1. Helix 122-134 sits at what angle to the longest principal axis of the chain, using alpha carbons and giving 0 to 90 degrees rounded to 10?
2. Among the listed pairs LYS35/LYS165; LYS68/LYS203; LYS35/LYS149; LYS5/LYS210; LYS35/LYS214; LYS68/LYS149, which have their C-alpha atoms separated by more than 19 angstrom in this model?
3. If I histogram all Cα-Cα distances within the chain using bins 5 Å wide from 0, what percent of pairs lands in each bin?
4. So what's region 61-115 giving for Rg/Rh, alpha carbon basis, Kirkwood Rh from the mean inverse pair distance?
5. Got a number for carbon plus sulfur as a percent of the chain's accessible area, 1.4 Å probe?
6. Put +1 on the Cβ of each Lys and Arg and -1 on the Cβ of each Asp and Glu in the chain; which of GLY150, PHE215, ASN167 then has its Cα farthest toward the positive end of the dipole?
7. Per residue, how large is the accessible surface of the chain? Use a 1.4 angstrom probe and give square angstrom.
8. Could you state the angle between the C-alpha long axis of helix 30-44 and the longest principal axis of the C-alpha atoms of the chain, as a value from 0 to 90 degrees rounded to the nearest 10?
Amino acid sequence: MTFSKWVQPIRFIIQACFIAGLVVPFFPHPEMVAKYIFLSTLVVGVFFCGWVCPLGAAQDWLSWLARKLRLPRYQIPYRFQKFLQFSRYIWAALILFTGIHYAFLNARFYFNDNLFYGMLTWTSALTLAVFLLISLFLDRPFCNYFCMKGALDGLMSIIRPFSIKRNNQTCIHCHLCDKACPMNVRVEHTPFVRHPNCINCFKCVSACPKNCLKFRLMSSPFQKPHKKQP
Ligand code: SF4
Ligand code: SF4
Ligand code: SF4
């Protein structure tokens, strides 16, 4: 079994462990684990969002369920996405520089820290319900457009030495990688993925029929794509 086939089941199991960890904490020192995951972002990218974050997992699973139920699925057209992808940086700047913090930006906190402890208020429960409902039609709505942690981690990861490389010799430009990406990264347009939206979910790798996407060490941390992401 190749990496592209086993990576999604393994990712599912790890995500399930971290969701279970919200109820029964596994880790004696969760703050140490969080520190190592944070540091790893600089080297290998945002594995936290793709493999660990319970709210990310919940959105993924609802998207999976929606596909199984054959609900209509939508992907924001790139002419809008190229602007909308900056919204989470705007929210992050608003919070960091003005202190203004709207309840709807707190969905990660409501889910990851409060869901299983009966501490949800009506406002927080409603906020979560809205994002989870939208996940039935759109991949990771909170991660794509609202999450401050996702935005900051993504920025930290852009000069990571490890990234997904695309072999242009074997690529048939079918765009299945683009369609599979829950974070709207245009994988087919670049020889390697070093986009701040990438969460290392490897769905593009699993979707590629030619096995031309590989997670590799880059030749230089400052290497730029030959083609600009349009
Ligand atoms: S972007 Fe935010 S909510 Fe989404 S997986 Fe990352 S930390 Fe969690
Ligand atoms: S580019 Fe690939 S690994 Fe990155 S978020 Fe998109 S599908 Fe996941
Ligand atoms: S799925 Fe594979 S073959 Fe198709 S465009 Fe993407 S990298 Fe190329």
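1. 20 degrees
2. Those over the limit are LYS35/LYS165; LYS35/LYS214; LYS68/LYS149.
3. Pairs per bin, as whole percents: 1, 6, 13, 18, 21, 18, 12, 7, 3, 1, 0.
4. Values: Rg = 15.3 Å, Rh = 14.0 Å.
Rg/Rh: 1.10.
5. Of all accessible area on the chain, carbon and sulfur atoms account for 72 percent.
6. About the Cα centre, the residue reaching furthest to the positive side is ASN167.
7. With the other protein chains kept in place, the chain gives 54 Å² per residue.
8. Rounded to the nearest ten degrees, it is 20.
The values are calculated or read from the model by the stated rules, or taken from the named source; none is laboratory data. The model shown is predicted, which means the values in this text are computed figures rather than measured ones. Counting neighbours? That spans all protein chains shown, and the Cβs are built from the backbone with ideal geometry, glycine included. Note: accessible area is taken over every heavy atom of the protein model, side chains too, but ligands, DNA and RNA are not part of it. Shrake-Rupley method; radii C 1.70, N 1.55, O 1.52, S 1.80 Å.
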